[in-house]
Amino acid sequence: MQLQPLRGFRDFYPGEMAARRKVFDKITATARCYGFREIDMPSLESTELIKRKSGDEIVEELFSFTDKGGREVTLIPETTPTIARMVGADKVLLKPVKWFSFGKLWRYEEPQAGRLREFYQLNIDIFGAPGVEAEAELLAFSVRMLDALRLSGKFVLRISDRNILSECFPGQDSGSIFRIIDKKQKLSEREFRAQLELLNLNMEQQELVLALTDEGNQDFGKLENIIPKTEQARVALSRLRKLFELLELYGVRERCRIDMSIVRGLAYYTGMVFECHDAVGELRALFGGGRYDKLVGLFGGEPTPAVGFALGDAVLELLMKRSGVWPAEKVETDYMVVLTEEKHIDTCIRIVESLRRKGLVAEWDIIRRKVSAQVKFADKIYAKKTIFIGEDELKDGNVLVRDMATGEQKLVPVSEIIS
Ligand code: HAM
């Protein structure tokens, strides 16, 4: 029997899951504060839908199969097509629609640091808001979420707009140019130029791509001089400017940078795109997203502006661990009730049940070990307090409560615990 999970899949034991759950709860609590409402969706979609609506990159990595009814189905590699389908199908949506979901996704990728075949992903999307207010709301949320995880100072948001880039190359297939810019980090300048040449970009156009994506040129003043003076480019740049003004109002401007080398791999983005990276630049993107105003319409729904992003748990875990802020991987217990004599089992169960009714985590030894083993167990489950039910104390209606951190002990009336 194989005792390991499949490659790229993970088991989570209780301590590991407890830490992960704390992180997930902080994320979803922040999403709720920003007015995002939780949704959920099927894990399986028709392969056709995914193939038509997901990016090419994702389509190469599908977990697809034929079900028993002969249907071609796929474990969802992202939620965006499904969410766009849901928005298109709902005729009475209250706009703006602000939704989040948190579930498992599947991509048949080569497992490596931050990349798995099964992972959790938070999705945050806003529909029905055409202006940069939606982008600002989204980005402000993302900063606050990472702050809540104690990652302040450990990340940077890089923001771009595909419309600026496509204005630079009129008449060219901007999708192919985006794909190469997306790979720029992994290529030498020579390789990068060679790839651009393959797209028949002349020397001048190649220089333009290099200038646009050069790290030293990423501010409004410099970009204004580089990009063509067309109306479209002007509109896109002033939209980006307005976004940064709003980010200032939200108090998150300092965490955001313009970065024209961000284009994103997925095909459906139509405007602003962004990614969040660790400040040192060692890891893959923590999250990424952008505006995708055409997708709902492509499903036959009413054309609806949309903007969103998704965050996976794998890179987040790496960054939190490197930053020393990943929660301790241990279970938590409020009370362990230690039974010293069999005849007091009724009191033991009464106490443990009344603590549980108060919402506390309470345990007693259901495998009936000796007192010393029960105390050891209390330690192993990180019980904050242990309640000893002993003959002498019980005669006066008391039990002994020990604080496991300080070792302090005090007599407490049973009536007080179960009241
Ligand atoms: P994506 O860039 O494909 O975008 O994925 C977003 C995030 O999901 C990544 O930054 C990463 O954290 C995580 N992720 C992706 N693939 C894997 C993997 N194999 N293993 C672990 N983590 C992974 C999207 O999925 C878009 N649907 C985002 C979006 C939402 N755009 C608009 N709304």
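Loop only per DSSP, at most 13 neighbouring Cβ atoms within 10 Å: give me the GluC sites (Glu not before Pro) in the stretch 218-303, ordered by residue number. Each step should come with its number before you reach the end.
Numbers: sites: Glu224, Glu231, Glu245, Glu248, Glu254, Glu275, Glu282; in loops: Glu282.
Of the GluC sites (Glu not before Pro), the ones in loops of the stretch 218-303 whose Cβ has at most 13 other Cβ atoms within 10 Å are Glu282.
Which pairs in the list Lys22/Lys51; Lys186/Lys321; Lys26/Lys68; Lys51/Lys183 are over 31 Å apart, alpha-carbon to alpha-carbon? Pairs exceeding 31 Å: Lys22/Lys51; Lys26/Lys68. In this structure the amide hydrogen of Asp259, modeled in the peptide plane, comes within under 5 Å of the amide hydrogens of Ile159, Ser160, none closer than 5 places in sequence on its chain. When a 1.4 Å probe is rolled over the protein heavy atoms, the share of accessible surface on the stretch 44-126 that falls to carbon and sulfur comes to 51 percent. Under 5 Å between amide hydrogens, built in the peptide plane, is the criterion, and for Leu283 it picks out Asp278 among residues at least 5 positions away or on other chains. For Thr270, the accessible area of its heavy atoms, probed at 1.4 Å with every protein chain present, is near 40 square angstrom. Of all DSSP-defined beta bridges confined to the stretch 304-419, some 50% are antiparallel rather than parallel.
Counting other Cβ atoms within 10 Å of each Cβ, which GluC sites (Glu not before Pro) in the stretch 1-99 have at most 13 and sit in a DSSP loop? It would help to have the intermediate numbers written out before the result.
Details: sites: Glu16, Glu38, Glu45, Glu48, Glu57, Glu60, Glu61, Glu72, Glu78; in loops: Glu60, Glu61, Glu78.
Sites meeting the loop and neighbour criteria: Glu60.
Here the accessible area is traced with a 1.4 Å probe on the protein chains. For the stretch 339-387, carbon and sulfur cover 57 percent of it. Computed about the Cα centre, the dipole magnitude for the stretch 307-419 is approximately 260 debye when only Lys and Arg (+1) and Asp and Glu (-1) carry charge, each at its Cβ.
Work out the FRET efficiency for Met203 and Ala113 from their Cβ-Cβ distance, taking R0 = 30 Å, and round it to the nearest 0.05. List each step's numbers first, then the result.
Working: r = 38 Å, r/R0 = 1.25.
That gives a FRET efficiency of 0.20.
Using a probe of 1.4 angstrom and keeping all protein chains present, the accessible surface of the stretch 326-384 works out to 59 square angstrom per residue. Per-residue surface analysis assigns Ser174 an accessible area of about 30 Å², computed on protein heavy atoms at 1.4 Å probe radius. Sequence-ordered 3J(HN,Hα) estimates for the stretch 171-179 from the Karplus curve with 6.51, -1.76 and 1.60 and θ = phi - 60° stand at x, 9, 7, 5, x, 5, 5, 4, 4 Hz, glycine and proline given as x. Our summary gives the chain a relative contact order of 17 percent, counting only alpha carbon pairs under 8 angstrom and 6 or more residues apart.
Would you work out the relative contact order for the stretch 75-230, in percent, from Cα pairs under 8 angstrom that are 6 or more residues apart?
On the way: 98 pairs, mean separation 21.3, N = 156.
RCO, the stretch 75-230: 14 percent.
Counted residue by residue at 0.36 nm each, then reduced by the alpha carbon distance between them, the extension gain from Lys384 to Ile366 reaches 4.6 nm. A DSSP coil position with no more than 14 other Cβ atoms inside 10 Å describes the following trypsin sites (Lys or Arg not before Pro) in the stretch 290-333: Lys330.
Couplings 3J(HN,Hα) for the stretch 224-237, derived from phi with the Karplus relation 6.51 cos²θ - 1.76 cosθ + 1.60 (θ = phi - 60°), are 4, 6, 8, 6, x, 8, 8, 4, 4, 5, 4, 4, 5, 5 Hz, where x marks Gly and Pro.
Our estimate of slack between Glu302 and Arg150, defined as 0.36 nm per intervening residue step minus the Cα-Cα distance, is 50.7 nm.
The values are calculated or read from the model by the stated rules, or taken from the named source; none is laboratory data. Remember, predicted model here, so these are calculated numbers, not experimental data. Ideal geometry is used to build each Cβ from the backbone, glycine not excepted, and the neighbour counts take in all protein chains shown. When the accessible area is computed, the model is the full protein with side chains, heavy atoms only, and any ligands, DNA or RNA have been set aside. Shrake-Rupley method; radii C 1.70, N 1.55, O 1.52, S 1.80 Å.
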